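The values are calculated or read from the model by the stated rules, or taken from the named source; none is laboratory data. Since the structure is predicted, the reported quantities are computational estimates derived from the model, not experimental observations. Glycine gets a Cβ as well: all are built from the backbone with ideal geometry, and neighbour counts include every protein chain shown. The protein model used for the area step is the full one, side chains on, heavy atoms only, and it has no ligands, DNA or RNA in it. Shrake-Rupley method; radii C 1.70, N 1.55, O 1.52, S 1.80 Å.
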Amino acid sequence: MPTFSSNPLNAPTYSKIFRKHPALFGVPFVLIIVGASFGLQQFTQTRYDLHAQKVTALSKEQALGLTQNRKKFDIREEYFKLSAAAAEEWEPKRIERPKGLPEWGVPPPEPP
């Protein structure tokens with residue numbers, strides 16, 4: 001007995017239509033993708049609106065005067081503060097050398 005034939009006797013009609021016109025399968029798929037894109041647009045717009053509300057809430061706090069009491073930042077002043085603090089607290093200190101190592105240079109060669 002031969003194997004199953006590639007042409008079934010009772011093939012569904014939609015199968016024949018899709019084989020004859022493959023665009024009938026692709027067009028609804030593309031429409032769903034485009035429609036979902038427009039649907040998701042509403043969710044992303046909501047996200048950006050909430051972010052904008054947070055930013056405006058912060059500017060309301062600034063309007064209350066929280067930034068008025070701040071001191072102006074001057075990079076030169078900070079540089080001089082840090083350089084003066086570093087010079088006052090720094091002290092040169094020698095470390096102990098291992099035994100047999102001279103003060104300067106490489107150790108002398110050992111006798112054979």
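Taking label positions 7 Å along the Cα-Cβ direction at both E103 and K72, the computed distance is 5.4 nm, reported to one decimal.
The residues I17, I95, sorted by heavy-atom accessible surface at 1.4 Å with ligands and nucleic acids left out, run I95, I17 from largest to smallest. One chain, two ends: T46 and K20. Fully extended at 0.36 nm per residue, the span grows by 5.0 nm beyond their Cα-Cα distance. For a straight C-alpha distance cut-off of 30 angstrom, the lysines reachable from K81 (same-chain residues fewer than eight places away being disregarded) are K71, K72, K93.
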